[in-house]
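Encoded as structure tokens, the structure appears first; notes follow it.
Laboratory data are not the source of any read-out in this text; all were calculated from the coordinates shown. Everything numeric here is computed off the predicted structure, so don't read it as measured data. Neighbour counts are summed over all protein chains in view; Cβ atoms, including those assigned to glycine, are modelled from backbone coordinates with ideal geometry.
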């Protein structure tokens with residue numbers, strides 16, 4: 001089964017902010033040893049529907065969408081699903097899987113601690 005991975009970020013009008021998602025996608029790709037494609041919810045390209053449609057057109061049988069969002073806001077709970085619903089209806093043979101958001105994970109807390117320690121010189 002051909003599986004494609006999409007790392008989804010919010011998107012920004014600031015190019016530098018969007019470059020961060022692209023950099024994380026490359027890092028995840030290196031760690032997993034699998035191609036990871038960045039996509040954006042708004043304010044940047046490529047959009048999630050465009051990336052999903054492109055993956056379907058190239059023969060993906062399963063698409064994993066990882067929302068690089070901290071918490072379960074409206075984008076994670078509603079908008080992402082709405083954006084791919086039409087594509088999913090047109091291609092019912094393609095499995096679209098959504099991972100959990102980053103959440104209140106210990107790794108996030110640890111990273112926050114590291115940044116605070118950097119700021120206070122510890």
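A full extension of the chain between residue 50 and residue 28 corresponds to an added length of 5.8 nm, given 0.36 nm per residue minus the alpha carbon distance. Our summary gives region 3-120 a relative contact order of 28 percent, counting only alpha carbon pairs under 8 angstrom and 6 or more residues apart. Taking a virtual spin label 7 Å from the Cα of residue 12 along the C-beta vector, which residues in region 46-61 bring their backbone nitrogen under 18 Å of it? Answer for region 46-61: 46-47. Exposure proxy for 12, 114: other Cβ atoms within 10 Å of each Cβ, ordered fewest to most, give 114, 12.
Histogrammed with a bin width of 10 Å, the alpha carbon distances of region 3-120 distribute as 13, 41, 34, 9, 2, 0 percent, first bin at zero. Here 6, 31 are placed in order of increasing Cβ neighbour count within 10 Å, fewest first, which gives 31, 6. Ranked for footprinting exposure by Cβ neighbours inside 10 Å, fewest first, 83, 19, 4 give 19, 83, 4. Computed from the C-beta positions of residue 90 and residue 35 and an R0 of 22 Å, the FRET efficiency is 0.40 to the nearest 0.05. Ranked by the mean number of other Cβ atoms within 10 Å of their residues, highest first, the peptides 65-71, 22-28 fall in the order 65-71, 22-28.
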